[in-house]
Each structure stands twice: as structure tokens, then as C-alpha cells.
Amino acid sequence: KVIHSISEHNYRKKYICLDGCPSGKTYAVRKEYQKYINKITLDFPEFLVIAFPENIYFREMIQHICQISSADKLFVIQDDVALMKSMNLDNIINDMDNISDMKVLSFPHRVISKDTHWFQLLDEPGKGEYCRCHGFSERVFLCDRLSILNICMNYPKRDKMSKRFIEFIYHNEMLRWKRKSKSYQERLEYRLNWGTYLHNNIIHKHLVGK
């Protein structure tokens, strides 16, 4: 369902990244997981399947892909979501190239019409296709490869969640703004390295393991 929801595009290379088993899993579990990896590799020969030997989580996976890829942009979709609307990825990439501060574009789980737990809006909601924002969701996003690599490599791993996931770097910073009363301008300066936008029309659905 995930792969079938992705729009057609002339991708330079397509990857399926599979995390390693958590430590402490039995031999039987590891054997079954290896069978699953083998099946994925056979079922999707157009993808380069990368099975990590250790349980490294999302942030390190994306950093690895950024380091081995030479593409300008990465389109990333996690394994438990599907896009709910077809899109012309060529047009969106062209828009990203022409919007000077757009570096990370989220496709959220619903149309965002006001500030939420994950997003703080900087533009009038629903006006146009894109909205500048603080925060992003890593379930489905398009990004500038070198920008996201810089974030993965240089932003501190302050806690377990920001060590494992990119979205928590920004999210935790937003929580600190509330505690420290950061000004509007200070928040905009933080956003400069991220270039975060969300799409106003194209959303994803969480498959809940289906």
C-alpha cells in the first residue's frame, strides 16, 4: 500500500531501508526477519534494499542515505503510511527549486488549518499549495538532501527521541521556546536552516500496521 501510493516519477534511485532487530531478540525472531528482508528484496527488484545490521532508527538511516546518494532531493515515506491523493512530484520539485527558502516539505496527516502539536503556521492556512511553518513530520516529506544531511550531522542529540528521529529536534526546540519565551524573530532565525513548509492539499493516512 505504501509503495503503490507513491506517484510516478523518474527517480534516480529508489531505496527501501530496513532497520536491524532490537537487541535481545531470539534467534528464531532474527531468522524470520531475515526471511522478510529476502522477500522484500525479491518482491521489489527496482529498489535497492538496505538492511541495517543494528537497530539504528530513522535519523541515522536518513543520514546514511544522504551520504551515499548524489541526488539533489529526497522523497521519503515511512512504512506505515500511504498518500491519500496523487501528486505531480515533478511540479512540486520545480516549486521547491523556485521557492528560495523551501528545504523540507511535509505532507501531513490532515489538512492543517491552525497550529497543532507538531506545526506552528507562519502563513494564512489553506492559501495556496504551501504554508511556511515551524516543525515538520517525517512520515512523508520531500527535502533538499544536503540540508537534511546538515541537520542530521550537526544538530545535538539532546535526548532519546532526538537521537532517533529528526522531527523531534525541531519539536523539542519549539517546546523550549515556550519555556524561554523566545521572540518571533528568534524563532524565524532558527527556521532558516530548516526551511520548513507543509503541503495544504496532499496528505497521508496512517495505516496502523495494515
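Laid out as a table, the results:
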read-out: Exclusive hit being closer than 23 Å to ASN154 by Cβ and out of contact with any helix residue (DSSP H, G or I) (no Cβ under 6 Å at 6 or more places or on another chain), set GLU8, GLU54, GLU32, GLU46; value: GLU54
read-out: Count - residues of region 80-114 that are touching a Cys at 6+ places or on another chain (Cβ under 9 Å) and of a type in the set (D, E, K, R); value: 1
read-out: Some residue of region 6-14 being out of contact with any Pro (no Cβ under 9 Å at 6 or more places or on another chain), assigned to a strand (DSSP E or B) and open to solvent by 50 Å² or more (accessible area, probe 1.4 Å); value: no
read-out: Residue among SER86, SER69, SER147, SER100 that is of a type in the set (S, T, N, Q), out of contact with any Leu (no Cβ under 8 Å at 6 or more places or on another chain) and farther than 21 Å from TYR11 by Cβ; value: SER100
read-out: Scan of region 193-210 for residues that are modelled with pLDDT of 95 or more and either loosely packed, with under 15 Cβ neighbours inside 10 Å or hydroxyl-bearing (Ser, Thr, Tyr) (or both), ordered by number; value: THR196, TYR197
read-out: Candidate set from region 23-58 (those that are among the charged types (D, E, K, R) and under 28 Å from ILE6 (Cα atoms)); member that is least open to solvent (accessible area, probe 1.4 Å); value: ASP43
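The values are calculated or read from the model by the stated rules, or taken from the named source; none is laboratory data. These numbers were taken from a predicted model, which means no experiment stands behind them. With ideal geometry, Cβ positions are generated from the backbone for all residues, glycine too; neighbour counts draw on all protein chains shown. For accessibility, only protein heavy atoms count, side chains too; no ligands or nucleic acids. Shrake-Rupley method; radii C 1.70, N 1.55, O 1.52, S 1.80 Å.
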